[in-house]
1. From 218, 274, which residue is more than 17 Å from residue 459 (Cα to Cα) and either out of contact with any strand residue (DSSP E or B) (no Cβ under 8 Å at 6 or more places or on another chain) or at pLDDT below 95 (or both)?
2. Among the numbered criteria (1) in a helix (DSSP H, G or I); (2) in contact with a helix residue (DSSP H, G or I) (Cβ under 6 Å, 6 or more places away or on another chain); (3) surrounded by fewer than 18 Cβ atoms within 10 Å (Cβ to Cβ), which one does residue 256 miss?
3. When the stretch 441-456 is examined, which residues are found to be out of contact with any strand residue (DSSP E or B) (no Cβ under 6 Å at 6 or more places or on another chain), farther than 21 Å from residue 467 by Cα and surrounded by 17 or more Cβ atoms within 10 Å (Cβ to Cβ)?
4. Which number in (1) part of a helix (DSSP H, G or I); (2) under 22 Å from residue 268 (Cβ atoms); (3) in contact (Cβ under 8 Å) with a residue 60 or more places away in the chain marks the one condition that residue 435 misses?
5. Quick one: which of 19, 59, 4 is buried (at least 17 other Cβ atoms within 10 Å of the Cβ), more than 26 Å from residue 155 (Cα to Cα) and under 20 Å from the mean Cα position of the chain (by Cα)?
6. Can you spot a residue in the stretch 68-86 that is in the same structural domain as residue 49 (by TED's automatic domain parsing), under 22 Å from residue 10 (Cα atoms) and surrounded by fewer than 17 Cβ atoms within 10 Å (Cβ to Cβ)?
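The values are calculated or read from the model by the stated rules, or taken from the named source; none is laboratory data. Keep in mind that this is a model prediction, so the values were computed, not measured. All Cβ positions, even for glycine, are placed from backbone atoms using ideal geometry, and neighbour counts span all protein chains on display.
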């Protein structure tokens with residue numbers, strides 16, 4: 001995943017871009033970068049690893065050494081960027097957010113047909129941003145090149161470019177999986193993944209790009225270079241997990257959606273008569289908390305916080321490079337509140353269950369702290385397919401998902417022909433999968449939000465949402 005912020009102004013915009021990019025720190029933990037255009041200095045760039053230190057710490061001094069009337073910043077979990085490129089389109093800076101699933105084929109075609117070359121990384125791979133630039137450079141304009149790149153790439157590609165004359169060209173991906181917002185204030189215009197980032201910098205919301213839309217941003221405003229389409233498929237997982245609580249996508253606030261989602265989950269259980277009697281409803285911090293608040297409000301079960309995450313040192317549990325270290329840090333962060341755990345029956349709501357590793361650690365931690373019973377609810381449906389548009393999890397195959405591995409244990413390959421049944425808690429297969437996961441993770445009970453409930457909570461037509469990781473539907 002990754003986030004971005006860019007701005008163009010009549011005066012220097014480095015301070016805006018520094019803070020705007022920093023507001024995207026929840027979207028990436030591997031590397032960060034800034035690129036800028038100054039009429040006298042030309043293009044400049046700085047990149048740092050942020051695996052052990054946040055963006056703000058690494059780039060605080062950059063504002064004293066970089067300047068520009070146009071700048072972009074990015075934070076990501078992929079290859080270092082932005083990159084500076086010199087090509088037939090001139091010199092420019094480029095940043096990319098997304099995933100390219102057919103990179104090997106694109107590299108082969110590029111080398112064979114263009115007789116060109118790309119820089120190889122250790123292990124033989126290439127920087128995805130460099131590959132995007134190579135595709136764009138095959139055409140005679142940025143808009144034409146971006147359209148070509150979108151048509152060639154299997155996956156997702158949001159693209160930001162600082163041109164050689166100091167404007168920014170921004171393109172939303174072809175399916176509209178990720179958001180791209182434009183903000184405006186006197187003498188400056190900005191582009192951002194998260195809309196709240198520019199609102200805190202005194203920009204007013206001006207426009208949200210449509211799927212596949214390309215715009216050029218200047219200090220005076222923006223103009224559309226290629227019209228987009230209303231036929232979008234924005235990632236539904238943005239609301240349940242990725243998004244910061246104050247963020248809005250397609251005008252729908254994340255925190256509001258999560259509370260509503262919890263209410264719908266509770267109502268479903270009340271209607272089915274499956275709501276357990278517990279002492280507290282709680283959220284697995286942090287994104288599970290608003291879901292739990294909604295669940296508590298609707299069910300009239302008392303809300304509590306039986307454990308608190310200690311985040312000053314490790315704000316994200318998956319920052320360490322190895323799964324073993326991520327699990328260790330996740331466990332170290334969990335600080336129990338004894339009086340809210342010991343001899344209590346607890347119902348926790350988490351944003352999702354992927355592999356189940358951290359969930360198991362959390363449940364064991366609660367029992368070790370004296371819990372009488374731990375019930376678990378997932379704020380999204382069972383994850384059945386690895387995401388091919390964002391790579392939101394580190395799973396390298398579908399079989400790493402706890403749902404898939406459990407199905408294989410229950411029924412073998414035959415079970416994979418009945419994934420829809422396993423997703424549904426009203427079927428025998430669905431009940432069997434939930435019970436098997438409960439036994440694996442030592443939970444008293446388990447339930448997932450339904451796709452229909454999640455769509456209702458978001459409030460967009462289902463056809464405008466990407467639900468691939470739950471349904472396998474394009």
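1. 274
2. Only one criterion in (1) in a helix (DSSP H, G or I); (2) in contact with a helix residue (DSSP H, G or I) (Cβ under 6 Å, 6 or more places away or on another chain); (3) surrounded by fewer than 18 Cβ atoms within 10 Å (Cβ to Cβ) is unmet by residue 256, namely (2).
3. Result: 441, single match.
4. (3)
5. Sole residue among the options that is buried (at least 17 other Cβ atoms within 10 Å of the Cβ), more than 26 Å from residue 155 (Cα to Cα) and under 20 Å from the mean Cα position of the chain (by Cα): 19.
6. no
Yes/no per residue for (1) in contact (Cβ under 8 Å) with a residue 60 or more places away in the chain; (2) within 20 Å of residue 160 (Cα to Cα):
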{"residue": "189", "(1), (2)": "yes, yes"}
{"residue": "193", "(1), (2)": "yes, yes"}
{"residue": "202", "(1), (2)": "no, no"}
{"residue": "218", "(1), (2)": "yes, yes"}
{"residue": "225", "(1), (2)": "yes, yes"}
{"residue": "239", "(1), (2)": "yes, no"}
